[in-house]
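Step one of this worksheet: look at the structure below.
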Amino acid sequence: MGLDMHAFAIPKELVAEDATDVVISDELNKSSDTLKWWRKHHNLHGWMEKRYREKGGSAEEFNCVTLRLTEVDLDRLEQDITANKLPSTRGFFFGDNPPDEESLKADLEFIKDAREAIEAGKAVFYDSWW
């Protein structure tokens, strides 16, 4: 067990512009493109939870809920990654893997891929489970 996380893109016309907490139906799952998988990247997960709450996400636990990432979100995420400002995040299943040069590079690559997906008419989401 542990913190598993992923980002995916779906055609934007399948979801509302400000969608958060999207239930991934079979139709959405079939049309999704995986952008990135992470394992126990707890500080990134903490950043995503904070953004989820800022956008009005209401799940009691930030587990098995989605967060739509916009270009504005990706800009903020890139700034925080580059400035080493991902929040220190702890959880029973999260592990303790501090960010290193390789993970930072992979995160920035994800941001690039997510921006390309948005430019191609997709909606980008983050999801996780533990």
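Reported count of residues in the range 62-84, each being touching a residue at least 40 places away in the same chain (Cβ under 8 Å), in contact with a strand residue (DSSP E or B) (Cβ under 9 Å, 6 or more places away or on another chain) and not basic (Lys, Arg), is 9. When the residues of the range 43-70 are filtered to those that are in a loop (DSSP other than H, G, I, E, B) and among the aliphatic types (A, V, I, L, M), the one that is nearest to the chain's Cα centre (by Cα) is VAL65.
Candidates in the range 89-105 are the residues that are surrounded by 14 or more Cβ atoms within 10 Å (Cβ to Cβ) and part of a helix (DSSP H, G or I); of these, the one that is modelled with the lowest pLDDT is SER103.
Mind listing whichever residues of the range 66-88 are in contact with a helix residue (DSSP H, G or I) (Cβ under 7 Å, 6 or more places away or on another chain) and either at pLDDT below 90 or more than 22 Å from LYS122 (Cβ to Cβ) (or both)? ASP80, LEU86, PRO87, SER88 - these are the residues of the range 66-88 that are in contact with a helix residue (DSSP H, G or I) (Cβ under 7 Å, 6 or more places away or on another chain) and either at pLDDT below 90 or more than 22 Å from LYS122 (Cβ to Cβ) (or both).
Among the numbered conditions (1) farther than 14 Å from ILE118 by Cβ; (2) not in a loop (DSSP other than H, G, I, E, B), the only one that LEU74 does not meet is (1). Being part of a loop (DSSP other than H, G, I, E, B), among the basic types (Lys, Arg) and surrounded by fewer than 19 Cβ atoms within 10 Å (Cβ to Cβ), is that true of even one residue in the range 25-40? Scanning the range 25-40, I find at least one residue that is part of a loop (DSSP other than H, G, I, E, B), among the basic types (Lys, Arg) and surrounded by fewer than 19 Cβ atoms within 10 Å (Cβ to Cβ), so the answer is yes. Scanning the range 15-43 for residues that are without any contact (Cβ under 8 Å) to a residue 12 or more places away in the chain and under 26 Å from ALA106 (Cα atoms) gives ASN29, LYS30.
At pLDDT 90 or above, charged (D, E, K, R) and at negative phi: does that describe GLU49? Judged against the criteria, GLU49 is a match.
The values are calculated or read from the model by the stated rules, or taken from the named source; none is laboratory data. A quick note: this is a predicted structure, and the numbers were derived from the prediction, not measured. With ideal geometry, Cβ positions are generated from the backbone for all residues, glycine too; neighbour counts draw on all protein chains shown.
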